[in-house]
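The values are calculated or read from the model by the stated rules, or taken from the named source; none is laboratory data. Just so it is clear, the model here is predicted, and its values are computed rather than measured. Heads up, the Cβs are rebuilt from the backbone with ideal geometry, glycines too, and the neighbour counts pull from every protein chain shown. What goes into the accessible areas is simple: the full protein's heavy atoms, side chains included, and nothing from ligands, DNA or RNA. Shrake-Rupley method; radii C 1.70, N 1.55, O 1.52, S 1.80 Å.
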Amino acid sequence: MIGTLWPIQDAVAADIAKDVYTQLRRDGGVATTRAAAALHRAVQRACAAHPREPHLWASHIHLGP
């Protein structure tokens, strides 16, 4: 499960979600086993885009396998 610890800006949340699902959709399926790594990379990209605004990206978490 991917979620946030506090409300965040819709545009940034949408960008992170798009990035995660783009990484998960490969070879005609969804590789859910890569969810944590996909979220990590998406948050890194958001951090690079907004380095002085962690409230936009730092709340994202992954729970589960």
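Before moving on, here are some points about what is shown:
- Acute angle (nearest 10 degrees) that the helix 10-24 long axis makes with the longest principal axis of the chain, alpha-carbon atoms: 20
- Rounded to 0.05, the FRET efficiency of the residue 58 and residue 27 pair, given R0 = 30 Å and the Cβ-Cβ distance, is 0.45.
- Computed over protein heavy atoms with a 1.4 Å probe, the carbon and sulfur contribution to the accessible area of the chain reaches 59%.
- C-alpha long axis of helix 35-49 to longest principal axis of the chain, angle in °: 30
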